[in-house]
Each structure stands twice: as structure tokens, then as C-alpha cells.
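Okay, structure first, notes after.
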Amino acid sequence: MVDQSIIRTVKNPQLTLIAFQLRNNLVLGDEPIETADHLWEKCQELGKTLNSPHLKTLIDRLDKHQEKIGFPPGVDDLPNDYVELLSDRVLHFNAIPEPDKPQLKGEIYPLQIHDTYAIDITFRRPEAVVNLSEFNYFLNPNYCLLPKNIQSDLGQTLILFAQPLLSESDHYQDFANACVEALFPSSDAQRLLANSPSVGELFGSPIFEYDTGYNPSRQIHLLIWFNCSPQTQELEEQGKYYELLINLLCCRHKILYSYTQARWCYQQAKNLYKELLPKVEKLKNLSPNQTEKLEVLKKELIEIPQSFFEYDEYIQQMKLHLNTIRTNLKNYQHYLNKLNNILISEDDLPFFNEFETRTKNKFIEQINVDLGYLTPGQNLFSELINTIRGLVEIEQAEIDRSLETTIAILGVSLGVGGIAASTFSGYVERPLINSNQSPSKIFTHPGIFAFLLSVTIALGTGVLTAKYLRCRRRKSSNN
């Protein structure tokens, strides 16, 4: 009969969180971005949660350059792009234990990899046999290492390394699935177990990769590596693989982050394009009233260029993300080749190769397709803006011409009418020589008569002037 007490137990387990956070971006150059210190602040929170003085004060122990944690990328005195941020390399910590419970122990290893902060937080139970049901206390206390609690912008990877104590009827994958259920809440465990893990071998022992998707803020990326031979233990302790692995993971998470950001930019640009189509229809049904038409056109001439600027900015951001993916893919291939060179003959890491293929065939290709869809939209924006500008100029010219015509007609009419009124007024004021009748008998109201006569002459002159200007404009348009 199988001893049930050892079916779900492991020896010397350790759970490692490797999380990544951007320190710099292309816009700010050497200056850290606003969220750069997020990982160190999370360590402080974790120190308070676990009642660990070492974690609480980690941020004060980190190396600084000009009062900023870490170093600007490309600083001359940096030996390379892989920089340890603690003078003692690793900070060992423990948590003040709860009554009647063992003390939590671990270490923290902070790094800067080029423009990115990286942190390795490891909980371990050396020389101890731990039941899987106790993982939530010893290795992932209160699920504190889950993505929703760490929230690093580039994402994270969890690595469980342990020696499984199996019965003859157990299989490594079944045991790995049981570890998943022990490490995570049921909802997250179901997401991880929804698809079969990718299976490989590292230093002579099985390793399993579980993954929930591409979103860095929600993605759970888990490696479960069993220690099944003395050779595995020896090579793991030598640690030659570690720097290559963490660089490989850094490239991986940067690729995923850039891909999700590029897809987000694509969706935003699509939304702007959708908003543009009703505007095109609106321009086809403009009001016949020139003033209203001009008001609508001027409003669109303000709004559409702003949308065009945003649209073009999203396309430029997509191109930057595409370039980031290509750069990190080259680096990923470099580190993967180096890692393959230190593997033993029976080792195989198919999931690392699969990610390389997926990056080339899916991520890069998808962004190129998205850019292909968006590029014609730039031409539509540009043509629409030019069309509206032309319409505004035409409508404004028509209104200005109409105003000039009106002014000309009024000017001529009022001028002629005024001259007529002045002339007649002078006439009616002179005495009538050679007449036996008094002027008052002939014209009872000479002022009123002069006004009516000037208005009549002005209107007549206005009509003639309008006809003349219309004929002249018609001849000009025919020529």
C-alpha cells in the first residue's frame, strides 16, 4: 500500500519570483520614468506584510547614481548591461514568525539589465520536507508573489525548484499540476491548467512551463523544475545558467510587453479611423447656408488634424515597439544559444525555442499587418484635411466676394442717391422766376420729395450696378 503522506510532498523547495520594471524610455533618456521605483516600493510593502525588517529597508541599501537608484544606460563606468545593485550581491531576509509556525526565510537579488530593473525574490525551505498544502505559507505566503500583487509593468516569471517525493504510480506532469494547484488560488490554477504545459529537460531533470497569455499585468508565467538527480543539484548550485536565464526572461517579457502595447496602439488608431468615417459622410451633406457651412468646416478643420496627429503618433509608437521586439529577439537568440552551449546532452528546452518562433511568425508579422491596415488611413486623413481647407477657402472667398459686391452696390447707390438728393434740394430752394405761383403751392413738402427721389434713384442705381457686376463676373468665369 502506498504511503499517502509522501505522495504530495517535496524536499528542499524554493520558489523564485523574477520580475521586471522599466527604468528608462526613449523620451526621457537617462532620467528614470515615474514608475521606475515600483518594484522597490513593492518590496517595502512586502516587508510590512511579512514583518521583515530587511525587505522594508531594501530601497535604502540599493546602489545609486546621482541620487537615482541604478545607473543610466550606457554610463561609461558600468562593466556591462548586467549590474548588481547591492554591494553584498544578495540580501538575506527572514520574517518574524507567527506563534507556533516556522520562520519564513529567503533572499533578494536586485539587478539592472540595461534600461530595466530586475528583482529576484526567493522563498526557500532548505533541508525540509514540505507538504504541498503548506506552499501557501512557506513559498507564496498569502499569494503575495502573484502578478496582481506585484504589478510589474514588464511582467514576471515564477520558478519552483524542488525535489518531488513520488510514489511509483505518480507521473511528473501530474505532480507538477498538483504543485500548480497548491501555489495558486483555484481561479488562477484553472487558467494555468487550461492548456497542457510545455515539457522539457534541464540538467537532467524535467521542467514544465505554464503560461496564461500575453497580458503582462495579468499573465502568469510559471516554470516548475524538479530536482531528480545529483547532477541537477550540482549544476544548479554552480549557477552558470542563471545570468543567461534571467537575461533570456528579460528579453521575453520585453517582447510580450511591446507586442501588447503595439496591439493597444493599433486598437486606438482603429477607433480614431472609425470616428473619421462619419465626418466624411457629414461633409457630403453640408447645409446650403454659407455661414452655417463655413462654421461646420472650420470646426472640422480644428478637430480632424488633432485626430490625425494622434493617429500618426500611434503608428509611430507601433513602429518603435516593433523595433524593440526585433532588438530583443536578437538578444533572446543570443542568450538562448549561450544557454544551449552549457546544457548536457539529454537536455531539451522546447518552450524557449517555441517562443522564438512565435515572436517571428506571430508578433512581428501581426504588427506588420496592423501597420499595413493603418497606413492608408494616413492618406485619408491628409486628403480630408486638404479637402476641408479647400472648401473653407472657397466658401470664405464666396462670402468675401458677396460682401464686396454688397458694399459696392450700396456705395454706388448711396453715392448717386445722395448726389440726386443734393441737386434737387438746391433746385427747390431757389425762387421761381417768371412764375406767378409761389413755390409752396407747387411743392408742399420738398424735403420729403427729395428723400423719396434719392431713394428711388439709389434703388435703380443699385439694380443696374448689381446687373453690371453679375455680367462682369460671368465673363470672367467664362474666360
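Note on T49 and R358: their simple-model spin labels are 2.6 nm apart, each label 7 Å out from Cα toward Cβ.
Trypsin sites (Lys or Arg not before Pro) within the stretch 80-136: which are DSSP loop residues with at most 12 other Cβ atoms inside 10 Å? Passing both the DSSP loop test and the Cβ count: R89.
Calculate, for N12 and E310, the FRET efficiency according to 1/(1 + (r/R0)^6) with r their C-beta to C-beta distance and R0 51 Å; round to the nearest 0.05. Working from the Cβ atoms, E equals 0.40.
Note on D60 and Q366: with the Förster distance fixed at 41 Å, the Cβ-Cβ geometry gives a FRET efficiency of about 0.40.
Pairs exceeding a 23 Å alpha-carbon distance, out of K254/K330; K42/K360; K254/K360: K42/K360. Can you tell me how the stretch 140-258 classifies by the Cα gyration tensor, rounded, prolate or oblate, using a/c under 1.5 as the rounded cut? It is oblate, given that a/c is not under 1.5 and a/b is not larger than b/c. Stretching the chain fully between H334 and K319 yields a gain of 3.1 nm (0.36 nm per residue, less the alpha carbon separation).
Regarding the stretch 154-208, what whole-number volume in Å³ per residue does the convex hull of its Cα atoms give? Numbers along the way, then the final one.
Details: hull volume 6.3 nm³, N = 55.
Enclosed volume per residue, from the Cα hull, is 115 Å³.
Starting from the Cα-Cα distance between H92 and S186, subtract it from 0.36 nm times their residue separation and give me the gain in nm to one decimal. Before the final figure, lay out each step's value.
Numbers: separation 94, 0.36 × 94 = 33.84 nm, distance 3.10 nm.
So the extension gain works out to 30.7 nm.
Using only side-chain charges placed at the Cβ, +1 for Lys and Arg and -1 for Asp and Glu, the dipole size of the stretch 101-252 relative to its Cα centre rounds to 460 debye. Applying 0.36 nm per residue to the separation of N271 and Q173 and subtracting their alpha-carbon distance, the gain on full extension is 30.9 nm.
Within the set K68/K319; K56/K240; K148/K270; K56/K101, which residue pairs have Cα atoms separated by over 26 Å?
On the way: K68/K319 30 Å; K56/K240 30 Å; K148/K270 29 Å; K56/K101 22 Å.
Among K68/K319; K56/K240; K148/K270; K56/K101, the Cα-Cα distance tops 26 Å for K68/K319; K56/K240; K148/K270.
A short reminder: the numbers here are calculations on the coordinates, not readings from a lab. Quick caveat: nothing in here was measured; it's all calculated off a predicted structure. All Cβ positions, even for glycine, are placed from backbone atoms using ideal geometry, and neighbour counts span all protein chains on display.
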